[in-house]
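Report on one structure; see the data block that follows.
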Amino acid sequence: MKRSQLFVILLSGLILASFSTSKKTGIKLAKKTLDNFCEFIPSGNSVVEGDTVSVQSFYMSSSEISNLQYQEFLDDLLRKGELGKYNIAKVDSTGWTRDNNLIYVESMQNYYHKHPAYDNYPVVNISKAGAELYCEWLTEVYDSLSNGEMKLKFRLPLRSEWIRAASGDLLGATYSWGGPYLRNNKGCMLANFLKMGSENIRRNPETGEMEVIRTGYLSSFDHTDITAPTKSYFQNDYGLYNMNGNVSEMIADGDFAVGGDWYSPGYDIRNESIKEFNRPEPTVGFRVVTTFLGREIER
């Protein structure tokens with residue numbers, strides 16, 4: 001049976017029944033689903049632009065939202081006839097070839113958002129408004145799953161929440177794994193980012209200064225295919241994947257994305273890294289957080 005013939009909700013590997021099912025689920029399944037999809041981030045402090053900010057506890061999806069998860073949302077909009085929302089949320093796959101500095105990405109435009117091989121890769125080339133609609137949809141899905149017993153609101157994270165989740169209790173940590181290096185003691189890369197070598201460095205003949213030249217060639221000596229699957233590399237202390245690199249992640253406050261991406265050099269995938277985000281891009285995706293609005297969750 002084709003995926004388009006059966007609407008399912010995939011939450012981090014747990015496949016739930018469709019909306020048409022009459023089977024009641026309840027609080028236990030709702031909690032189990034949340035625990036399989038998200039990680040609990042306890043209250044604590046976060047350092048943002050040099051200021052220490054108090055952050056209340058929340059849940060955050062353990063990985064970036066995948067192509068499959070986002071496509072299920074789009075399929076449901078079409079199933080319901082919500083074409084206005086669909087047009088806002090749909091993927092703009094032309095983003096792969098919009099930037100003339102990128103090469104070897106033509107196939108990504110044709111296959112990345114459609115081929116099953118990329119189901120578990122992070123969704124990109126969507127707008128912030130589309131990501132926010134996904135959060136609203138997921139809130140409705142979860143309310144239906146729990147029969148209204150456990151009220152949660154899914155949304156994009158605030159920057160202070162994102163940094164809290166990335167840094168943990170190591171205030172001011174450079175990367176989500178705590179250390180200042182991009183490899184572990186076994187020589188393994190700890191994130192997906194743009195690797196540059198001596199071939200990317202030149203001396204400006206006029207100023208004598210060293211310059212980095214971005215040729216568009218994407219190094220893949222750590223076996224990544226531009227983006228990496230949403231659950232790649234190593235989890236941080238809170239069980240979160242790819243907080244640094246892979247795709248920059250949208251935040252709720254302003255038109256920005258944080259954490260760096262596959263086209264960022266190592267310095268630009270730090271916990272504090274931030275860039276402007278004004279339109280769908282192949283380097284930007286998102287993950288969700290949820291705040292608790294109702295019944296207490298026992299952990």
* Determine, from the Cβ-Cβ distance of Asp119 and Asn185 and an R0 of 30 Å, the FRET efficiency 1/(1 + (r/R0)^6), rounded to the nearest 0.05. => 0.35
* Structure shown: which of Lys114/Lys153; Lys195/Lys231; Lys28/Lys85; Lys28/Lys151; Lys31/Lys114; Lys151/Lys231 lie over 23 Å apart, alpha-carbon to alpha-carbon? -> Lys114/Lys153; Lys28/Lys85; Lys31/Lys114; Lys151/Lys231
* Asked: Under 5 Å between amide H atoms, partner at least 5 residues away or on a different chain: which partners does Val48 have, H built in plane at 1.01 Å?
  -> Val53
* Amide H to amide H, which residues 5 or more places from Leu158 or on other chains are under 5 Å from it, using H placed in the peptide plane? -> Ala252
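Please arrange Ile213, Ile163 by how many other C-beta atoms lie within 10 Å of their C-beta, fewest to most.
On the way: Ile213 10, Ile163 29.
So the residues, fewest neighbours to most, are Ile213, Ile163.
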* Want the number for Tyr267 to Ile27: 0.36 nm per residue separation, take away the alpha-carbon distance, what's left? -> 82.0 nm
* Asked: Which whole-angstrom value gives the distance between the alpha carbon centres of the stretch 163-187 and the stretch 265-285?
  -> 17 Å
* Tabulate in residue order the Karplus-calculated ³J(HN,Hα) for the stretch 28-36, using 6.51 cos²θ - 1.76 cosθ + 1.60 with θ = phi - 60°, rounded to whole Hz; enter x for Gly and Pro. => 5, 5, 4, 5, 4, 5, 4, 5, 7
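No value in this document is a laboratory result; all are computed from the given coordinates. Note that this is a predicted model, so its numbers are computed, not measured. Backbone-built Cβ (ideal geometry, glycine too); neighbour counts: all protein chains shown.
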